[in-house]
Structures are given as structure tokens and as C-alpha cells.
Amino acid sequence: MKKIIIAIDGYSSSGKSTMAKALAKAVGYVYVDSGAMYRAVTLYALDHGMIAPDGTPDAEALVAALPGIEIRFEVNPGTGLSETLLNGVNVEREIRSLRVSDHVSPVSAIPEVRERLTAMQRELGHDRGIVMDGRDIGTTVFPDAEMKVFVDASPQVRARRRFKELQEKGMPADYDAVLKNIRERDHIDRTRAVSPLRKADDAVVLVNDHISIPEQMAWLIDLYHQITSRLQ
Ligand code: DC
């Protein structure tokens, strides 16, 4: 069967990655979390003193450091899940912290950072057979993706999900701080000059405030079959 590219874009904590991961597993595709790549660059910038106390990244220093930032994904044999490596070090846990979440949007707005990560993402999708989630996958990274989904839910529902996820991981969390972070990221992601978060014209919208994960999965797999059967 012809392999396709599946782009899943949407707001932070809209459940994109849960869906994208499960869909990749169900159809035997590779899953790539593009947000993890922006988070890894942000962690690098934080650890190298490239973010001022007011949160402004030193774009010049970070752009100069980009050639020395290597990001890879490796499957954890214990969980079967893909984890993020930054210059050979597993940073999967650290990149999910609120410290990184708080600084990732300004870093993601730097055009050279986007250019470099977009090139890496296109390389990962070279052989198709990939599910990638993010903000600009269907618009900028793979405008020719055969299947595009745009996921949305209210900020409160998304904050509750993120809060629960942090608690389950044993990471300190405060609901109001999580909600504030989500609103701020939505704003920066939507209004940045390069590749702002927006629905691709040919993306199918999924608003998932009130649908269960199994219902979403059934919907997604059905959409995948409809699209691939048209391509035969
Ligand atoms: O999906 P996430 O919340 O882990 O993404 C973290 C941040 O990375 C998000 O606030 C915006 C940025 N991002 C982006 O600009 N483009 C992408 N394709 C993916 C993420």
C-alpha cells in the first residue's frame, strides 16, 4: 500500500501527541513529535545561559550554536516509546518541564531555528510512512501531506489535561500556572511572523473537548482508510 504523510497540528495539550502516537502504532508508521525538537533547542538555550531573566532568548548566540545541536529520537525498549536525545543525552523528561514550556514559544519564533528544524523534519519524512504532530506540519513542513488533521479544545480542558499529565509524572504543577502558560503559548504561536499556528486549508478539524480517546481513534483510523483507499 502507498505510504502517506500524516500531519497532525493544533494547540498545545490538545491531545495531538496521544492521537498521533496511537495512530502511528495502529497503521505501522513512524511517529515524530516536532514539539520535542523545539523543546530540546529551548533546553539547550536555557542550559547555555542564552535566555535572559525576562525570557528573551539571545537569538544571535542560539543561531550561532545551531550547527552544534543534534537532536535524535530513540525507542525506549522498556516502554516501546520514542524518546528525545539532545547531543546524545536523553532529555525526554526535562523537555516536558514547565521551565522549558515557559520558554519554548519565543525560541520557536526565531526564523533560523524554524528553518533548521523544518529541514530536519522533512528529512525524517523523506520515505513517507510518518505521523508528525506540531503546529506547522500541514502548512509549512509537509504542505503536500495526504492526510491533515487540525486538533482543538478549550484552554481550560487543555490545561486540565496538561496538569494531570504533570502530576502523573510526579512533576510539581499548579493548575493556574499551567492555564496561563497555555494561553501565552497559544498567543505567541498564533501571532509569530514565521509559520504561525493555523489550520491548513485542506486540513480536517477535530474539536475534542467532549470526545473520548477511543472515539477519536476510531474517527482517525476511518479517515486514514478513506484517504489511502482513494490513493490506490
Ligand atoms: O507540542 P508542544 O506543546 O510540545 O510544542 C512545544 C512548543 O513548540 C509550542 O509551544 C510551539 C512550538 N512548536 C512549533 O512552533 N512548531 C511545531 N511544529 C511544534 C511545536
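Read-outs throughout are calculated quantities, based only on the coordinates presented, and are distinct from any laboratory measurement. Not measured: the values here are computed from a predicted model. When we count neighbours, we look across all protein chains shown, and the Cβ atoms used for this are built from the backbone with ideal geometry, even at glycine.
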**OP:** Place a +1 charge on the Cβ of each Lys and Arg in the range 1-115 and a -1 charge on the Cβ of each Asp and Glu, then give the dipole magnitude about the Cα centre in debye, rounded to the nearest 20.
**Re:** 720
Original post:
Toward the positive end of the charge dipole of the chain, about the Cα centre and with charges on Cβ (Lys, Arg +1; Asp, Glu -1), which of TYR44, PRO106, LEU206 goes farthest?
Top reply: LEU206
**OP:** Report the FRET efficiency, 1/(1 + (r/R0)^6), for MET1 and HIS126, where r is their Cβ-Cβ distance and R0 is 22 Å, rounded to 0.05.
**Re:** 0.75
Original post:
Roughly what angle does helix 34-47 make with the longest principal axis of the chain, taking Cα atoms, 0 to 90 degrees, to the nearest 10?
Top reply: 10
Original post:
Along the range 198-210, what does the Karplus equation 6.51 cos²θ - 1.76 cosθ + 1.60 (θ = phi - 60°) give for ³J(HN,Hα), rounded to whole Hz, x for Gly and Pro?
Top reply: 7, 6, 5, 4, 9, 8, 8, 8, 10, 9, 10, 3, 10
**OP:** Search the structure for amide H atoms under 5 Å from the amide H of VAL151, placed 1.01 Å from N in the peptide plane, and list their residues when 5 or more places away or on another chain.
**Re:** ASP9, GLY10, TYR11, LEU206
Subject >> FRET E, pair THR79, GLN156, Förster distance 35 Å, beta-carbon r, rounded to 0.05 >> reply: 0.75
Subject >> Given charges at Cβ of Lys, Arg, Asp, Glu: the chain dipole, positive-most of PRO143, MET132, THR18 >> reply: THR18
**OP:** For the chain, calculate the relative contact order in percent as a whole number, restricting contacts to Cα pairs under 8 Å that are 6 or more residues apart.
**Re:** 33
Subject >> the chain: most fluctuating residue of ASP144, ASP54, ASP176 per GNM, C-alpha cutoff 10 Å >> reply: ASP54
Original post:
For the range 128-220, what class follows from the C-alpha gyration tensor (a ≥ b ≥ c being the square roots of its eigenvalues): rounded when a/c is under 1.5, otherwise prolate if a/b is larger than b/c, else oblate?
Top reply: oblate
**OP:** Rank by packing, highest mean first: peptides 23-30, 69-76, 10-17, with packing defined as the count of other Cβ atoms within 10 Å averaged across residues.
**Re:** 10-17, 23-30, 69-76
Subject >> When the convex hull of its Cα atoms is projected in every direction, mean area for the chain (nm²) >> reply: 12.4
**OP:** Give the long-range amide H neighbours of TYR31: residues separated by 5 or more places, or on another chain, with amide H under 5 Å away, using H modelled in the peptide plane at 1.01 Å from N.
**Re:** VAL131
Original post:
Simple spin-label model, 7 Å along Cα-to-Cβ: HIS48 to GLU115 in nm?
Top reply: 1.7
Original post:
With the dipole of the chain worked out from charges on the C-beta (+1 for Lys and Arg, -1 for Asp and Glu) around the Cα centre, which of ILE8, GLN167, LEU220 lies farthest toward the positive end?
Top reply: LEU220
Subject >> Ranked list, fewest to most other Cβ atoms within 10 Å of each Cβ, for LEU62, LEU223 >> reply: LEU223, LEU62
**OP:** Set the Förster radius R0 to 22 Å, insert the Cβ-Cβ distance between GLU168 and LEU98 as r into 1/(1 + (r/R0)^6), and round the FRET efficiency to 0.05.
**Re:** 0.90
**OP:** Arrange VAL100, VAL151 by Cβ neighbour counts within 10 Å, fewest through most, would you?
**Re:** VAL100, VAL151
Subject >> Assigned charges on the beta-carbon of Lys, Arg, Asp, Glu; the chain dipole about Cα centre (debye) >> reply: 480
